[in-house]
Amino acid sequence: VSTPPTADATPRGTGRRWRRAVGALARRTPSSVVLLTPALAEPVRVRGMAATVWDLLHDEPTEPALAAAVGEQVGLAAADVIVMVRSVLDDLLRAGAVERR
Amino acid sequence: MRTAVTLGDALRAVAAHDLEDAPSIGSPLADWPAFVAAIVEERLTGLALAAVARGTIEVDEAQHAALVAVHEEQMALDLRVERLMVETVRLLADARIELRILKGPALARRVYPDPSWRSFGDCDVLVRAEDLGRVMARLRPLARRRFDAPRSRFDARFVKAVCLETDDGMQIDVHRTLAPGPYGVRIPNARLFTDVPEIVAVGGEPVPCLPRALDAVHACVHAALGDVQPRLNTLRDLAQLFASGAVAEDVAAFAEELRCGAVAQRAVQLVREHLGVELPATFVEWAESYRPTRRDLRELASYRSREGRYPAQAAATFWALPRLRDRVAYATALTLPSRSYLSGRDGGYGRRLARGVRLLARWRPR
């Protein structure tokens, strides 16, 4: 689950919350999250920022809140990471691992 | 200079990680490749990494990376098994077939602080004996049985579990009871369904499991009657069930009702010997005060027989069956099975019959 960031930095649906999909099965390891969803034939490993995003989804954040939390972890402003966060969310959404409320 | 720790000490420290009075080692491992191989074989990669993170076991950077790599492989397998379990539960629940998920997939998310601490390799599901035929039919799109039954009706009356295999080699064991051999006779199938199940949500699906005290008795049975060298994660399950709220008096009461006192006694010894920890004092006192009967000792011996465990268990099962007509049906099925069952197995009818007579005489109660 890793594609180059393609989304722009314009806020979208900022009030909606993101959460882990109910049907997603996952295990955290020291360096990755192993994921399996009904949309995936085989388990996939997500690392780096995608794994960080997965961890932070525990609190069902909005996209701006998620970007702020990720930025805090890597020492950057939310505006500097929002594009990458959005890209990760899109990838996880396509994999059936997350959903919007 | 510090002394390198042995494989046995390292495995004990991993399997007992985070339990009260768990042993700690903090020294380099004497044989790293053997340690990794054993951790993988015992499916203890999650506990090993947790023990490393706590400093219970000392590893260098390369060793840590190697442990993470094998752990990720195991986690991928765990998730594949969990998905198979969810599909199994859905198929059976849609047909209103009652079930209880057993062992690792039932315990990982329910009794362990982190599900990655309890890995597994297959899916075990307990069903009512009278539902076995419907279960096989219902699960056919998912998996097919690996071996034919020796005779019709054998499964519903005598089998411990029917093994099903998916096209990609995953395994579902459909259980009628919790133990092979004579102890399987002691545990009535219907009794395993009389208590309200505990539910764990997996992938959005409510998964019914045994009550915690009965899970603990099952762990005793599996530890004491399973592999000659007991699996460490089974012993850990027993300790973890107590650590997560199984009530010692309830476990003892179930064990007594199911006539598994000698098995519980053996399990207490195995946890002490292989994990280096003690189970709750109330349970230990009850188990150690149990006086095994001659029948207990004879039946337990059938699980450790030098003649081969399965033939000895089969003979001991014959004598454990309470009714003559059950004994006749059981002996007939095993000595004169269907031709499809016999193909690929050792010997013909004559040899099976002769072997059966010899084993029955050897395991006859005296």
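The values are calculated or read from the model by the stated rules, or taken from the named source; none is laboratory data. Just so it is clear, the model here is predicted, and its values are computed rather than measured. Virtual Cβ from ideal backbone geometry, glycine too; neighbours counted across all protein chains shown.
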Handout entry: Qualifying helices (runs of 4 or more DSSP H) (wholly inside segment B:8-115; at least 3 residues being within 30 Å of B:Thr194 (Cα to Cα), at pLDDT 95 or above and away from chain A (no Cβ under 14 Å))
Key = B:61-94, B:103-107
Problem - Neighbours by Cβ (under 9 Å, 6+ apart or cross-chain): first from segment A:42-58, aromatic (Phe, Trp, Tyr); second part of a strand (DSSP E or B) - result: A:Trp54/A:Arg20; A:Trp54/A:Ala26; A:Trp54/A:Arg28; A:Trp54/A:Val33; A:Trp54/A:Leu35; A:Trp54/A:Val46; A:Trp54/A:Val98
Handout entry: Subset of segment B:190-233 (residues that are modelled with pLDDT of 95 or more and polar (S, T, N, Q))
Key = B:Thr194, B:Asn233
Exercise for the section: Just need a number here: residues in segment B:44-100 that are in contact (Cβ under 8 Å) with a residue 60 or more places away in the chain, charged (D, E, K, R) and within 30 Å of B:Glu130 (Cβ to Cβ). Expected result: 5
Handout entry: Residues of segment B:170-200 satisfying the condition of being free of Cβ contacts under 8 Å to residues at least 40 places away in the same chain and not in a loop (DSSP other than H, G, I, E, B)
Key = B:Ile199
Problem - Residue among B:Arg151, B:Arg157 that is part of a loop (DSSP other than H, G, I, E, B) and within 19 Å of B:Ser338 (Cβ to Cβ) - result: B:Arg151
Practice task
Please give the number of the condition B:Ala190 fails out of (1) surrounded by fewer than 19 Cβ atoms within 10 Å (Cβ to Cβ); (2) under 22 Å from B:Leu279 (Cβ atoms); (3) out of contact with any Pro (no Cβ under 9 Å at 6 or more places or on another chain).
Solution key: (2)
Problem - Tally, over segment B:222-259, of residues that are within 23 Å of B:Glu20 (Cβ to Cβ) and not in a helix (DSSP H, G or I) - result: 6
Problem - Considering residues of segment B:167-220 that are of a type in the set (Val, Ile, Thr) and within 19 Å of B:Tyr303 (Cα to Cα) only, the residue farthest from the chain's Cα centre (by Cα) - result: B:Val185
Exercise for the section: Look at segment A:35-44 and say how many of its residues are facing chain B (nearest Cβ under 8 Å), crowded, with 17+ Cβ neighbours inside 10 Å and not hydrophobic (A, V, I, L, M, F, W, C). Expected result: 1
Problem - Selection within segment B:267-280 - surrounded by fewer than 21 Cβ atoms within 10 Å (Cβ to Cβ), in a helix (DSSP H, G or I) and in contact (Cβ under 8 Å) with a residue 12 or more places away in the chain - result: B:Leu270
Handout entry: Hits in segment B:201-221 - residues which are under 29 Å from B:Val268 (Cβ atoms), in contact (Cβ under 8 Å) with a residue 40 or more places away in the chain and in contact with an Asp or Glu (Cβ under 8 Å, 6 or more places away or on another chain)
Key = B:Pro208, B:Cys209, B:Leu210, B:Arg212, B:Ala213, B:Leu214, B:Asp215, B:Ala219
Handout entry: Unique residue being of a type in the set (A, V, I, L, M, F, W, C) and surrounded by 24 or more Cβ atoms within 10 Å (Cβ to Cβ) when the list is B:Val251, B:Val228
Key = B:Val251
Exercise for the section: Might you check whether a residue that is touching a residue at least 60 places away in the same chain (Cβ under 8 Å), closer than 24 Å to A:Val22 by Cβ and either within 11 Å of chain A (Cβ to nearest Cβ) or under 19 Å from the mean Cα position of the chain (by Cα) (or both) occurs anywhere in segment B:122-129? Expected result: no
Practice task
Could you tell me whether segment B:203-215 includes any residue that is assigned to a loop (DSSP other than H, G, I, E, B) and under 19 Å from B:Gln313 (Cα atoms)?
Solution key: no
Exercise for the section: Give segment B:57-80 a look and list any residue that's touching a Gly at 6+ places or on another chain (Cβ under 7 Å) and either crowded, with 22+ Cβ neighbours inside 10 Å or among the charged types (D, E, K, R) (or both), or say none. Expected result: B:Glu58, B:His71
Problem - Conditions (1) surrounded by fewer than 21 Cβ atoms within 10 Å (Cβ to Cβ); (2) not in a loop (DSSP other than H, G, I, E, B); number of the one not met by B:Val135 - result: (1)
Handout entry: Positions within segment B:17-67 being more than 24 Å from B:Asp227 (Cα to Cα) and charged (D, E, K, R), in sequence order
Key = B:Asp18, B:Glu20, B:Asp21, B:Asp31, B:Arg54, B:Glu58, B:Asp60, B:Glu61
Completion exercise
Per the filter on segment B:36-63, residues touching a Phe, Trp or Tyr at 6+ places or on another chain (Cβ under 9 Å) and small (Gly, Ala, Ser) are B:Gly46, B:Ala48, B:Ala50
